[in-house]
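Worksheet for the structure shown next.
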Amino acid sequence: MSELVLQSLYAGLLAGGYYALIALGLTLIFGTMKVINLAHGEMVLLAAYIAYTAESVYGINPVLAIPLAVAAVVLTSVMVYGLVSRIRQDRELNSLILTFGIGIVLTNFVLMVWSADIRSTNVPWFNEPVVIGEAFYSTSAQVLFFLAGLGLTAALWWWLGRSWYGRALRAVASNRNAAMLMGVNPRTTEVISFVIAGLLAGIAGVALYTVAVIHPDLGHNLTIKAFVITVLAGLGSIPGVLVGAMLIGVAEYMTITLASSALQELTGMVMFLLVLFIRPSGLFGSRGRVG
Amino acid sequence: MPLRLENISVRFGGIAALTGVNLEVADDSVVGLVGPNGAGKTTLFNVISGLVRPTEGSARFGDTDLVKGKIHNRARAGIGRTFQIPQPLHELTVRENLMVAQRFGAGRIDPSRIDEILDFLNLTHKADAQAATDLALSEQKALEVGKALATEPKLLMLDEVLAGLETSGKRAFMTMLARLHREWNLAMIVIEHDIETISRLCQRCVVLNFGKVIADGTPDAVFRDPEVRRSYTGTGAAEHA
(Lines give C-alpha, C1' and ligand atoms only; values in the text may rest on other atoms or scores of the structure.)
Protein backbone atom coordinates (compact mmCIF):
# COMPACT_ATOMS: atom_id res chain seq x y z
CA MET A 1 0.00 0.00 0.00
CA SER A 2 2.76 2.44 0.94
CA GLU A 3 4.48 1.66 -2.36
CA LEU A 4 1.29 2.58 -4.20
CA VAL A 5 1.03 5.83 -2.28
CA LEU A 6 4.67 6.67 -3.02
CA GLN A 7 4.13 5.84 -6.69
CA SER A 8 1.03 8.10 -6.73
CA LEU A 9 3.02 10.88 -5.11
CA TYR A 10 5.71 10.52 -7.76
CA ALA A 11 3.24 10.38 -10.65
CA GLY A 12 1.34 13.36 -9.24
CA LEU A 13 4.51 15.43 -9.02
CA LEU A 14 5.39 14.55 -12.62
CA ALA A 15 1.90 15.47 -13.77
CA GLY A 16 2.25 18.76 -11.86
CA GLY A 17 5.17 19.71 -14.09
CA TYR A 18 3.11 19.67 -17.24
CA TYR A 19 0.01 21.03 -15.49
CA ALA A 20 2.21 24.03 -14.64
CA LEU A 21 3.03 24.40 -18.34
CA ILE A 22 -0.71 24.55 -19.07
CA ALA A 23 -1.44 27.10 -16.33
CA LEU A 24 1.52 29.49 -16.68
CA GLY A 25 0.14 31.37 -19.68
CA LEU A 26 -3.22 31.92 -18.05
CA THR A 27 -1.51 33.24 -14.91
CA LEU A 28 0.77 35.55 -16.84
CA ILE A 29 -2.08 37.17 -18.79
CA PHE A 30 -4.18 37.58 -15.68
CA GLY A 31 -1.24 39.13 -13.86
CA THR A 32 -0.63 41.63 -16.64
CA MET A 33 -4.10 42.55 -17.84
CA LYS A 34 -6.49 41.16 -15.21
CA VAL A 35 -7.96 39.15 -18.08
CA ILE A 36 -8.86 35.47 -17.60
CA ASN A 37 -8.40 33.94 -21.02
CA LEU A 38 -11.11 31.28 -21.17
CA ALA A 39 -9.81 30.19 -24.59
CA HIS A 40 -6.46 29.18 -23.09
CA GLY A 41 -7.26 25.46 -22.92
CA GLU A 42 -8.43 25.46 -26.52
CA MET A 43 -5.12 27.05 -27.56
CA VAL A 44 -3.25 24.27 -25.75
CA LEU A 45 -5.46 21.77 -27.57
CA LEU A 46 -4.76 23.43 -30.92
CA ALA A 47 -1.05 22.87 -30.37
CA ALA A 48 -1.73 19.24 -29.43
CA TYR A 49 -3.57 18.68 -32.73
CA ILE A 50 -0.77 20.33 -34.70
CA ALA A 51 1.64 17.86 -33.06
CA TYR A 52 -0.75 15.06 -33.99
CA THR A 53 -0.88 16.24 -37.62
CA ALA A 54 2.90 16.53 -37.77
CA GLU A 55 3.21 12.95 -36.57
CA SER A 56 0.33 11.28 -38.40
CA VAL A 57 0.50 13.10 -41.73
CA TYR A 58 4.16 14.04 -42.10
CA GLY A 59 5.79 11.46 -39.84
CA ILE A 60 7.53 14.14 -37.81
CA ASN A 61 8.27 13.51 -34.14
CA PRO A 62 5.81 15.65 -32.11
CA VAL A 63 8.67 17.26 -30.19
CA LEU A 64 10.10 18.51 -33.48
CA ALA A 65 6.69 20.01 -34.24
CA ILE A 66 7.01 22.37 -31.24
CA PRO A 67 8.16 25.37 -33.37
CA LEU A 68 5.16 24.97 -35.68
CA ALA A 69 2.72 24.46 -32.80
CA VAL A 70 4.18 27.43 -30.96
CA ALA A 71 3.98 29.65 -34.06
CA ALA A 72 0.31 28.76 -34.62
CA VAL A 73 -0.66 29.28 -30.98
CA VAL A 74 1.33 32.51 -30.62
CA LEU A 75 -0.48 33.85 -33.70
CA THR A 76 -3.83 32.82 -32.20
CA SER A 77 -2.86 34.34 -28.87
CA VAL A 78 -1.93 37.67 -30.47
CA MET A 79 -5.26 37.65 -32.33
CA VAL A 80 -7.05 37.08 -29.01
CA TYR A 81 -5.10 40.05 -27.61
CA GLY A 82 -6.15 42.13 -30.60
CA LEU A 83 -9.80 41.45 -29.75
CA VAL A 84 -9.45 41.77 -25.96
CA SER A 85 -7.59 45.08 -26.24
CA ARG A 86 -10.52 46.56 -28.16
CA ILE A 87 -12.71 46.22 -25.07
CA ARG A 88 -12.88 49.67 -23.55
CA GLN A 89 -15.30 49.18 -20.68
CA ASP A 90 -15.46 46.53 -17.93
CA ARG A 91 -12.60 44.66 -19.54
CA GLU A 92 -12.38 42.06 -16.75
CA LEU A 93 -15.98 40.94 -17.22
CA ASN A 94 -16.41 41.44 -20.95
CA SER A 95 -13.16 39.63 -21.75
CA LEU A 96 -14.58 36.54 -19.99
CA ILE A 97 -17.49 36.49 -22.41
CA LEU A 98 -15.27 37.25 -25.40
CA THR A 99 -12.66 34.59 -24.64
CA PHE A 100 -15.37 32.04 -23.79
CA GLY A 101 -16.76 32.65 -27.28
CA ILE A 102 -13.31 32.35 -28.85
CA GLY A 103 -12.91 29.03 -27.03
CA ILE A 104 -16.13 27.73 -28.60
CA VAL A 105 -14.95 28.84 -32.04
CA LEU A 106 -11.60 27.08 -31.55
CA THR A 107 -13.28 23.88 -30.31
CA ASN A 108 -15.47 23.81 -33.39
CA PHE A 109 -12.50 24.54 -35.60
CA VAL A 110 -10.68 21.54 -34.11
CA LEU A 111 -13.79 19.41 -34.49
CA MET A 112 -14.19 20.45 -38.13
CA VAL A 113 -10.56 19.88 -39.09
CA TRP A 114 -9.65 16.81 -37.01
CA SER A 115 -13.07 15.21 -36.24
CA ALA A 116 -14.27 14.03 -32.83
CA ASP A 117 -12.07 10.91 -32.66
CA ILE A 118 -9.63 10.55 -29.81
CA ARG A 119 -5.95 10.69 -30.73
CA SER A 120 -2.68 9.77 -29.08
CA THR A 121 0.94 9.48 -30.09
CA ASN A 122 2.26 6.35 -31.75
CA VAL A 123 5.90 7.20 -31.18
CA PRO A 124 7.10 4.40 -28.90
CA TRP A 125 9.78 6.47 -27.17
CA PHE A 126 7.19 8.63 -25.38
CA ASN A 127 5.64 5.58 -23.72
CA GLU A 128 8.88 3.85 -22.81
CA PRO A 129 9.04 3.21 -19.09
CA VAL A 130 11.45 5.14 -16.91
CA VAL A 131 12.04 3.33 -13.64
CA ILE A 132 13.85 4.99 -10.77
CA GLY A 133 15.02 2.82 -7.89
CA GLU A 134 12.65 0.04 -8.91
CA ALA A 135 9.88 1.86 -7.09
CA PHE A 136 8.97 4.86 -9.22
CA TYR A 137 7.48 4.20 -12.64
CA SER A 138 6.73 6.74 -15.35
CA THR A 139 7.03 7.22 -19.09
CA SER A 140 9.73 9.12 -20.99
CA ALA A 141 7.20 11.78 -22.01
CA GLN A 142 6.13 12.37 -18.41
CA VAL A 143 9.73 12.88 -17.29
CA LEU A 144 10.58 15.03 -20.32
CA PHE A 145 7.69 17.41 -19.86
CA PHE A 146 8.02 17.46 -16.08
CA LEU A 147 11.55 18.76 -16.60
CA ALA A 148 10.28 21.15 -19.30
CA GLY A 149 7.65 22.44 -16.86
CA LEU A 150 10.26 23.03 -14.15
CA GLY A 151 12.67 24.65 -16.57
CA LEU A 152 10.14 26.94 -18.22
CA THR A 153 8.64 28.02 -14.88
CA ALA A 154 12.12 28.90 -13.64
CA ALA A 155 12.93 30.67 -16.92
CA LEU A 156 9.72 32.71 -16.80
CA TRP A 157 10.30 33.63 -13.18
CA TRP A 158 13.86 34.69 -13.96
CA TRP A 159 12.74 36.68 -16.99
CA LEU A 160 10.05 38.53 -15.02
CA GLY A 161 12.49 39.32 -12.23
CA ARG A 162 15.63 40.18 -14.16
CA SER A 163 14.88 41.38 -17.68
CA TRP A 164 13.83 44.93 -18.53
CA TYR A 165 10.60 43.88 -20.20
CA GLY A 166 9.90 41.45 -17.37
CA ARG A 167 10.16 44.36 -14.95
CA ALA A 168 8.05 46.51 -17.27
CA LEU A 169 5.41 43.80 -17.34
CA ARG A 170 5.39 43.68 -13.53
CA ALA A 171 5.25 47.48 -13.48
CA VAL A 172 2.12 47.52 -15.67
CA ALA A 173 0.60 44.73 -13.56
CA SER A 174 1.32 46.78 -10.42
CA ASN A 175 -0.10 50.09 -11.58
CA ARG A 176 -0.87 50.74 -15.22
CA ASN A 177 -1.15 54.54 -15.00
CA ALA A 178 1.97 54.97 -12.89
CA ALA A 179 3.91 52.69 -15.23
CA MET A 180 2.76 54.67 -18.28
CA LEU A 181 3.88 57.93 -16.67
CA MET A 182 7.27 56.31 -16.11
CA GLY A 183 7.51 55.74 -19.85
CA VAL A 184 6.36 52.12 -20.10
CA ASN A 185 4.17 51.40 -23.13
CA PRO A 186 1.51 49.07 -21.68
CA ARG A 187 0.46 47.70 -25.06
CA THR A 188 3.98 46.43 -25.72
CA THR A 189 4.07 44.60 -22.40
CA GLU A 190 0.59 43.18 -22.96
CA VAL A 191 1.48 41.88 -26.41
CA ILE A 192 4.64 40.34 -24.96
CA SER A 193 2.62 38.59 -22.25
CA PHE A 194 0.23 37.14 -24.86
CA VAL A 195 3.16 36.01 -27.01
CA ILE A 196 4.78 34.26 -24.04
CA ALA A 197 1.44 32.75 -23.01
CA GLY A 198 1.05 31.45 -26.58
CA LEU A 199 4.57 30.04 -26.52
CA LEU A 200 3.92 28.19 -23.25
CA ALA A 201 0.51 26.97 -24.44
CA GLY A 202 2.16 25.66 -27.63
CA ILE A 203 4.71 23.61 -25.67
CA ALA A 204 2.00 22.50 -23.21
CA GLY A 205 -0.10 21.27 -26.14
CA VAL A 206 2.70 19.11 -27.51
CA ALA A 207 3.30 17.80 -23.97
CA LEU A 208 -0.39 16.98 -23.67
CA TYR A 209 -0.36 15.01 -26.92
CA THR A 210 2.59 12.91 -25.83
CA VAL A 211 1.34 12.07 -22.31
CA ALA A 212 -2.42 11.71 -22.80
CA VAL A 213 -5.16 11.13 -25.35
CA ILE A 214 -6.70 14.19 -26.94
CA HIS A 215 -10.18 14.96 -28.25
CA PRO A 216 -11.92 18.24 -29.21
CA ASP A 217 -13.90 18.54 -25.97
CA LEU A 218 -10.74 18.60 -23.88
CA GLY A 219 -10.15 22.35 -24.25
CA HIS A 220 -12.52 23.61 -21.60
CA ASN A 221 -11.30 20.95 -19.12
CA LEU A 222 -7.79 22.28 -19.63
CA THR A 223 -8.96 25.86 -19.08
CA ILE A 224 -10.68 24.83 -15.87
CA LYS A 225 -7.59 22.98 -14.68
CA ALA A 226 -5.39 25.98 -15.50
CA PHE A 227 -7.82 28.29 -13.72
CA VAL A 228 -7.97 26.06 -10.63
CA ILE A 229 -4.17 25.96 -10.47
CA THR A 230 -3.96 29.73 -10.97
CA VAL A 231 -6.42 30.42 -8.14
CA LEU A 232 -4.75 27.84 -5.91
CA ALA A 233 -1.39 29.49 -6.58
CA GLY A 234 -2.65 33.01 -6.03
CA LEU A 235 -3.58 34.92 -9.15
CA GLY A 236 -0.42 36.00 -10.91
CA SER A 237 2.12 34.07 -8.81
CA ILE A 238 4.57 32.16 -11.03
CA PRO A 239 6.28 29.97 -8.38
CA GLY A 240 2.82 29.45 -6.90
CA VAL A 241 1.70 27.93 -10.20
CA LEU A 242 4.32 25.20 -9.96
CA VAL A 243 3.42 24.40 -6.35
CA GLY A 244 -0.32 24.58 -7.10
CA ALA A 245 0.08 22.36 -10.17
CA MET A 246 2.00 19.76 -8.16
CA LEU A 247 -0.58 19.84 -5.37
CA ILE A 248 -3.34 19.23 -7.90
CA GLY A 249 -1.31 16.50 -9.59
CA VAL A 250 -0.58 14.70 -6.31
CA ALA A 251 -4.18 15.07 -5.09
CA GLU A 252 -5.52 13.65 -8.36
CA TYR A 253 -3.21 10.65 -8.40
CA MET A 254 -3.81 9.96 -4.70
CA THR A 255 -7.54 10.01 -5.39
CA ILE A 256 -7.12 7.55 -8.25
CA THR A 257 -5.05 5.24 -6.07
CA LEU A 258 -6.99 5.46 -2.84
CA ALA A 259 -10.51 6.03 -4.12
CA SER A 260 -11.57 6.02 -7.75
CA SER A 261 -10.43 7.48 -11.05
CA ALA A 262 -13.99 8.78 -11.48
CA LEU A 263 -13.28 11.25 -8.67
CA GLN A 264 -10.03 12.56 -10.20
CA GLU A 265 -11.42 15.86 -11.54
CA LEU A 266 -13.61 16.35 -8.46
CA THR A 267 -10.51 16.44 -6.23
CA GLY A 268 -9.18 19.52 -7.99
CA MET A 269 -12.52 21.28 -7.70
CA VAL A 270 -12.77 20.48 -3.97
CA MET A 271 -9.28 21.92 -3.42
CA PHE A 272 -10.29 24.95 -5.46
CA LEU A 273 -13.36 25.57 -3.29
CA LEU A 274 -11.43 25.01 -0.07
CA VAL A 275 -8.81 27.55 -1.08
CA LEU A 276 -11.50 30.06 -2.05
CA PHE A 277 -13.12 29.68 1.38
CA ILE A 278 -10.00 29.52 3.54
CA ARG A 279 -7.49 31.64 1.66
CA PRO A 280 -9.16 33.55 -1.20
CA SER A 281 -5.90 35.20 -2.30
CA GLY A 282 -4.40 31.73 -2.94
CA LEU A 283 -1.38 30.05 -1.43
CA PHE A 284 1.11 32.64 -2.68
CA GLY A 285 -1.17 35.41 -3.78
CA SER A 286 -1.51 39.12 -3.45
CA ARG A 287 -4.00 40.85 -5.73
CA GLY A 288 -2.71 41.37 -9.23
CA ARG A 289 0.81 40.18 -8.60
CA VAL A 290 2.86 38.69 -11.38
CA GLY A 291 6.24 37.20 -10.65
CA MET B 1 11.19 74.12 -22.97
CA PRO B 2 8.17 75.90 -21.49
CA LEU B 3 4.77 74.43 -20.75
CA ARG B 4 1.95 76.28 -22.48
CA LEU B 5 -1.74 75.58 -21.88
CA GLU B 6 -4.28 77.61 -23.80
CA ASN B 7 -7.99 77.73 -23.13
CA ILE B 8 -8.10 74.26 -21.57
CA SER B 9 -11.59 73.03 -20.72
CA VAL B 10 -12.58 69.65 -19.34
CA ARG B 11 -16.14 68.47 -18.89
CA PHE B 12 -17.20 65.27 -17.15
CA GLY B 13 -20.75 64.80 -18.41
CA GLY B 14 -22.55 67.97 -17.37
CA ILE B 15 -19.87 69.07 -14.91
CA ALA B 16 -17.24 71.59 -15.96
CA ALA B 17 -14.04 70.53 -14.18
CA LEU B 18 -11.91 73.13 -15.99
CA THR B 19 -13.03 76.14 -18.01
CA GLY B 20 -10.73 78.13 -20.29
CA VAL B 21 -7.56 77.63 -18.26
CA ASN B 22 -4.43 79.36 -19.55
CA LEU B 23 -1.12 78.57 -17.94
CA GLU B 24 2.47 79.06 -18.94
CA VAL B 25 5.38 77.68 -16.97
CA ALA B 26 8.84 78.85 -17.94
CA ASP B 27 12.03 76.79 -17.62
CA ASP B 28 13.41 76.69 -14.08
CA SER B 29 10.39 78.36 -12.49
CA VAL B 30 8.43 76.98 -9.54
CA VAL B 31 4.70 77.55 -9.76
CA GLY B 32 2.28 76.83 -6.94
CA LEU B 33 -1.17 75.63 -7.92
CA VAL B 34 -3.71 76.19 -5.16
CA GLY B 35 -7.43 76.21 -4.68
CA PRO B 36 -10.13 74.59 -2.58
CA ASN B 37 -10.99 70.91 -2.94
CA GLY B 38 -12.66 70.24 -6.28
CA ALA B 39 -11.18 73.37 -7.86
CA GLY B 40 -9.66 71.35 -10.71
CA LYS B 41 -6.00 71.22 -9.68
CA THR B 42 -5.52 67.47 -10.07
CA THR B 43 -7.63 67.50 -13.24
CA LEU B 44 -5.19 70.04 -14.66
CA PHE B 45 -2.29 67.73 -13.72
CA ASN B 46 -4.15 64.87 -15.38
CA VAL B 47 -4.51 66.91 -18.57
CA ILE B 48 -0.78 67.69 -18.63
CA SER B 49 0.16 64.09 -17.92
CA GLY B 50 -2.37 62.72 -20.43
CA LEU B 51 -4.68 60.85 -18.06
CA VAL B 52 -7.54 63.20 -18.99
CA ARG B 53 -8.11 64.50 -22.51
CA PRO B 54 -9.32 68.10 -22.58
CA THR B 55 -12.67 68.85 -24.18
CA GLU B 56 -11.20 72.05 -25.64
CA GLY B 57 -7.93 73.88 -25.84
CA SER B 58 -4.31 73.18 -26.63
CA ALA B 59 -1.45 72.02 -24.46
CA ARG B 60 2.19 71.92 -25.47
CA PHE B 61 5.43 71.18 -23.71
CA GLY B 62 8.17 72.45 -25.97
CA ASP B 63 7.55 70.68 -29.28
CA THR B 64 5.32 68.00 -27.75
CA ASP B 65 1.57 68.21 -28.30
CA LEU B 66 0.12 67.10 -24.97
CA VAL B 67 -3.44 66.75 -26.26
CA LYS B 68 -2.67 64.20 -28.97
CA GLY B 69 0.42 62.50 -27.55
CA LYS B 70 0.49 59.10 -25.85
CA ILE B 71 0.72 59.00 -22.07
CA HIS B 72 3.87 56.89 -22.02
CA ASN B 73 5.67 59.44 -24.19
CA ARG B 74 5.28 62.19 -21.54
CA ALA B 75 8.27 60.90 -19.60
CA ARG B 76 10.50 60.97 -22.72
CA ALA B 77 9.26 64.50 -23.42
CA GLY B 78 10.52 65.53 -19.98
CA ILE B 79 7.40 65.56 -17.82
CA GLY B 80 7.41 63.77 -14.48
CA ARG B 81 4.61 63.74 -11.93
CA THR B 82 3.71 62.42 -8.53
CA PHE B 83 0.28 61.41 -7.23
CA GLN B 84 -1.41 62.70 -4.11
CA ILE B 85 -1.91 59.10 -2.96
CA PRO B 86 1.42 57.36 -3.63
CA GLN B 87 1.27 54.94 -6.55
CA PRO B 88 4.31 52.70 -6.15
CA LEU B 89 4.81 49.76 -8.46
CA HIS B 90 4.01 47.42 -5.62
CA GLU B 91 5.43 44.26 -7.17
CA LEU B 92 8.86 45.86 -7.50
CA THR B 93 11.48 46.88 -4.98
CA VAL B 94 12.27 50.54 -4.42
CA ARG B 95 15.37 50.30 -6.59
CA GLU B 96 13.47 48.48 -9.34
CA ASN B 97 10.83 51.23 -9.33
CA LEU B 98 13.56 53.75 -10.13
CA MET B 99 15.31 51.45 -12.61
CA VAL B 100 12.14 50.98 -14.64
CA ALA B 101 11.50 54.73 -14.61
CA GLN B 102 15.03 55.44 -15.81
CA ARG B 103 15.15 52.71 -18.47
CA PHE B 104 11.76 53.47 -20.01
CA GLY B 105 11.28 57.12 -19.06
CA ALA B 106 14.78 58.49 -19.68
CA GLY B 107 15.78 55.79 -22.16
CA ARG B 108 19.08 54.96 -20.49
CA ILE B 109 20.57 52.77 -17.79
CA ASP B 110 22.80 54.43 -15.22
CA PRO B 111 22.98 52.64 -11.86
CA SER B 112 25.11 55.41 -10.32
CA ARG B 113 22.35 57.92 -11.03
CA ILE B 114 19.85 55.62 -9.31
CA ASP B 115 22.16 55.51 -6.26
CA GLU B 116 22.35 59.30 -6.36
CA ILE B 117 18.54 59.62 -6.35
CA LEU B 118 18.19 57.08 -3.55
CA ASP B 119 20.77 59.00 -1.54
CA PHE B 120 19.13 62.36 -2.24
CA LEU B 121 15.77 61.02 -1.05
CA ASN B 122 17.25 59.20 1.98
CA LEU B 123 16.01 55.90 0.59
CA THR B 124 19.35 54.11 0.25
CA HIS B 125 18.64 51.91 3.27
CA LYS B 126 15.30 50.92 1.71
CA ALA B 127 16.61 50.29 -1.82
CA ASP B 128 15.84 46.59 -1.73
CA ALA B 129 12.59 46.89 0.23
CA GLN B 130 9.29 45.96 -1.39
CA ALA B 131 7.54 49.16 -2.45
CA ALA B 132 4.15 47.78 -1.44
CA THR B 133 4.73 46.77 2.13
CA ASP B 134 7.97 47.98 3.63
CA LEU B 135 7.72 51.77 3.40
CA ALA B 136 6.40 54.42 5.78
CA LEU B 137 4.21 57.15 4.27
CA SER B 138 7.08 59.66 4.08
CA GLU B 139 9.19 57.04 2.28
CA GLN B 140 6.36 56.28 -0.13
CA LYS B 141 6.14 60.00 -0.89
CA ALA B 142 9.90 60.13 -1.40
CA LEU B 143 9.67 57.14 -3.75
CA GLU B 144 6.94 58.96 -5.66
CA VAL B 145 9.35 61.86 -6.22
CA GLY B 146 12.16 59.41 -6.99
CA LYS B 147 10.19 57.67 -9.75
CA ALA B 148 9.59 61.02 -11.40
CA LEU B 149 13.24 62.09 -10.97
CA ALA B 150 14.52 58.85 -12.47
CA THR B 151 12.78 59.72 -15.76
CA GLU B 152 15.05 62.81 -15.82
CA PRO B 153 12.27 65.36 -16.18
CA LYS B 154 12.55 68.99 -17.15
CA LEU B 155 9.17 69.69 -15.55
CA LEU B 156 8.25 68.04 -12.25
CA MET B 157 4.61 68.13 -11.15
CA LEU B 158 4.09 67.47 -7.45
CA ASP B 159 0.55 66.70 -6.30
CA GLU B 160 0.29 67.37 -2.55
CA VAL B 161 3.50 65.56 -1.69
CA LEU B 162 3.41 66.97 1.84
CA ALA B 163 -0.15 65.87 2.61
CA GLY B 164 -0.40 63.51 5.54
CA LEU B 165 3.15 64.10 6.78
CA GLU B 166 3.97 65.22 10.33
CA THR B 167 5.36 68.71 10.88
CA SER B 168 8.99 67.57 11.06
CA GLY B 169 8.52 65.35 8.01
CA LYS B 170 6.96 68.24 6.12
CA ARG B 171 9.87 70.52 6.98
CA ALA B 172 12.43 67.95 5.83
CA PHE B 173 10.49 67.30 2.63
CA MET B 174 10.19 71.02 1.89
CA THR B 175 13.95 71.47 2.30
CA MET B 176 14.45 68.57 -0.07
CA LEU B 177 12.11 70.13 -2.65
CA ALA B 178 13.93 73.47 -2.43
CA ARG B 179 17.24 71.67 -3.00
CA LEU B 180 15.67 69.80 -5.88
CA HIS B 181 14.82 73.01 -7.68
CA ARG B 182 18.17 74.60 -6.90
CA GLU B 183 20.49 71.69 -7.61
CA TRP B 184 18.62 69.71 -10.25
CA ASN B 185 17.61 72.73 -12.30
CA LEU B 186 13.97 71.72 -12.76
CA ALA B 187 10.79 73.62 -13.49
CA MET B 188 8.15 72.59 -10.97
CA ILE B 189 4.40 72.86 -10.52
CA VAL B 190 3.37 72.24 -6.94
CA ILE B 191 -0.18 71.53 -5.81
CA GLU B 192 -0.33 72.33 -2.12
CA HIS B 193 -2.88 73.53 0.42
CA ASP B 194 -0.31 74.86 2.86
CA ILE B 195 0.20 78.59 2.23
CA GLU B 196 3.55 78.64 4.00
CA THR B 197 4.88 75.93 1.74
CA ILE B 198 3.76 77.76 -1.37
CA SER B 199 5.18 81.04 -0.13
CA ARG B 200 8.57 79.51 0.68
CA LEU B 201 8.90 77.30 -2.38
CA CYS B 202 7.25 79.13 -5.26
CA GLN B 203 8.05 82.31 -7.13
CA ARG B 204 4.56 82.34 -8.60
CA CYS B 205 1.17 81.11 -7.54
CA VAL B 206 -1.90 80.28 -9.62
CA VAL B 207 -5.27 79.94 -7.93
CA LEU B 208 -8.06 77.80 -9.34
CA ASN B 209 -11.66 77.90 -8.20
CA PHE B 210 -14.54 76.02 -9.84
CA GLY B 211 -12.21 75.11 -12.69
CA LYS B 212 -11.20 78.69 -13.52
CA VAL B 213 -8.01 80.63 -12.86
CA ILE B 214 -8.99 83.42 -10.47
CA ALA B 215 -5.53 84.76 -9.63
CA ASP B 216 -1.97 84.52 -10.92
CA GLY B 217 1.00 86.32 -9.38
CA THR B 218 3.53 86.20 -6.58
CA PRO B 219 2.37 84.22 -3.54
CA ASP B 220 2.27 87.37 -1.37
CA ALA B 221 0.12 89.26 -3.85
CA VAL B 222 -2.15 86.30 -4.54
CA PHE B 223 -2.82 85.48 -0.91
CA ARG B 224 -3.71 89.15 -0.24
CA ASP B 225 -6.28 89.09 -3.05
CA PRO B 226 -9.74 89.28 -1.41
CA GLU B 227 -11.32 86.96 -3.99
CA VAL B 228 -8.65 84.34 -3.33
CA ARG B 229 -9.10 84.65 0.42
CA ARG B 230 -12.83 84.35 0.03
CA SER B 231 -12.70 81.28 -2.19
CA TYR B 232 -9.60 79.55 -0.90
CA THR B 233 -9.11 80.38 2.75
CA GLY B 234 -12.67 81.38 3.54
CA THR B 235 -11.41 84.36 5.56
CA GLY B 236 -11.56 87.12 3.02
CA ALA B 237 -15.29 87.53 2.81
CA ALA B 238 -15.79 89.27 6.10
CA GLU B 239 -12.73 91.48 5.72
CA HIS B 240 -13.74 92.34 2.19
CA ALA B 241 -17.22 93.24 3.33
For helices (runs of 4 or more DSSP H) lying entirely in segment A:209-291, having 2 or more residues that are touching a Ser or Thr at 6+ places or on another chain (Cβ under 8 Å) and without any contact (Cβ under 8 Å) to a residue 24 or more places away in the chain picks out A:264-278
Out of all the residues in segment B:24-40, is one or more modelled with pLDDT under 95, crowded, with 18+ Cβ neighbours inside 10 Å and polar (S, T, N, Q)? yes
Out of (1) at pLDDT 95 or above; (2) of a type in the set (Val, Ile, Thr); (3) touching a Phe, Trp or Tyr at 6+ places or on another chain (Cβ under 8 Å), the one B:ILE114 does not meet is (3)
Among (1) without any contact (Cβ under 8 Å) to a residue 24 or more places away in the chain; (2) part of a loop (DSSP other than H, G, I, E, B); (3) in contact with a helix residue (DSSP H, G or I) (Cβ under 6 Å, 6 or more places away or on another chain), the one test that B:HIS90 misses: (1)
Restricting to segment B:42-61, and then to whatever is touching an Asp or Glu at 6+ places or on another chain (Cβ under 8 Å) and of a type outside the set (Ser, Thr, Tyr), can you tell me which residue is farthest from the other protein chains (Cβ to nearest Cβ)? B:GLY57
Among the residues of segment B:119-150, write down those that are of a type in the set (S, T, N, Q), part of a helix (DSSP H, G or I) and more than 19 Å from B:THR167 (Cα to Cα). B:THR124
Is it true that some residue in segment B:93-111 is part of a strand (DSSP E or B), away from every other protein chain (no Cβ under 14 Å) and at pLDDT below 95? no
Looking across segment B:62-82 at residues that are touching a Leu at 6+ places or on another chain (Cβ under 9 Å) and assigned to a loop (DSSP other than H, G, I, E, B), the single one that is nearest to the other protein chains (Cβ to nearest Cβ) is B:THR82
Within segment A:128-154, how many residues are under 22 Å from the mean Cα position of the chain (by Cα) and closer than 19 Å to A:VAL206 by Cα? 16
Scan of segment A:63-92 for residues that are touching a residue at least 12 places away in the same chain (Cβ under 8 Å) and not hydrophobic (A, V, I, L, M, F, W, C), ordered by number: A:THR76, A:SER77, A:TYR81, A:SER85, A:ARG91, A:GLU92
Restricting to segment B:180-198, count the residues that are under 16 Å from the mean Cα position of the chain (by Cα), part of a helix (DSSP H, G or I) and of a type outside the set (Val, Ile, Thr). 3
Take segment A:102-142 and flag every residue that is in contact with a Leu (Cβ under 6 Å, 6 or more places away or on another chain) and polar (S, T, N, Q). A:SER138, A:GLN142
Out of everything in segment B:124-171 that is β-branched (Val, Ile, Thr) and touching a helix residue (DSSP H, G or I) at 6+ places or on another chain (Cβ under 9 Å), what residue ends up being surrounded by the fewest Cβ atoms within 10 Å (Cβ to Cβ)? B:THR124
Pairs returned, first residue in segment B:120-133 that is within 14 Å of chain A (Cβ to nearest Cβ), second residue that is assigned to a helix (DSSP H, G or I) and among the polar types (S, T, N, Q), beta-carbon separation under 9 angstrom, 6 or more apart or interchain, are B:ALA131/A:SER174; B:ALA131/B:ASN97; B:ALA131/B:GLN140; B:ALA132/A:SER174
Residue that is nearest to the other protein chains (Cβ to nearest Cβ) [pool: residues in segment A:187-204 that are within 16 Å of A:LEU83 (Cα to Cα), surrounded by fewer than 24 Cβ atoms within 10 Å (Cβ to Cβ) and not polar (S, T, N, Q)]: A:ARG187
When every residue in segment A:167-202 that is assigned to a helix (DSSP H, G or I) and without any contact (Cβ under 8 Å) to a residue 12 or more places away in the chain is compared, the one farthest from B:GLU144 (Cα to Cα) is A:ARG167
Evaluation of B:GLN87 against (1) under 13 Å from the mean Cα position of the chain (by Cα); (2) polar (S, T, N, Q); (3) within 11 Å of chain A (Cβ to nearest Cβ) (one fails), failing number: (1)
Being more than 25 Å from B:GLN102 (Cβ to Cβ) and not β-branched (Val, Ile, Thr) is the filter here, so list the residues in segment B:163-181 that pass it. B:ALA163, B:GLY164, B:LEU165, B:GLU166, B:SER168, B:GLY169, B:LYS170, B:ARG171, B:MET174
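Residue by residue, here is whether (1) at positive phi; (2) away from chain B (no Cβ under 14 Å); (3) crowded, with 20+ Cβ neighbours inside 10 Å holds:
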position	(1), (2), (3)
A:LEU93	no, yes, no
A:SER120	no, yes, no
A:GLU128	no, yes, no
A:ILE132	no, yes, no
A:LEU147	no, yes, no
A:THR153	no, yes, yes
A:TRP164	no, no, no
A:LEU169	no, no, yes
A:VAL172	no, no, yes
Restricting segment B:1-47 to residues that are in a strand (DSSP E or B) and of a type in the set (Asp, Glu), the residue that is farthest from B:VAL67 (Cα to Cα): B:GLU24
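The values are calculated or read from the model by the stated rules, or taken from the named source; none is laboratory data. Predicted model only: the values in this text are computed from it and were never measured. Every residue, glycine as well, gets a Cβ built from its backbone with ideal geometry; the counts of neighbours run over all protein chains shown.
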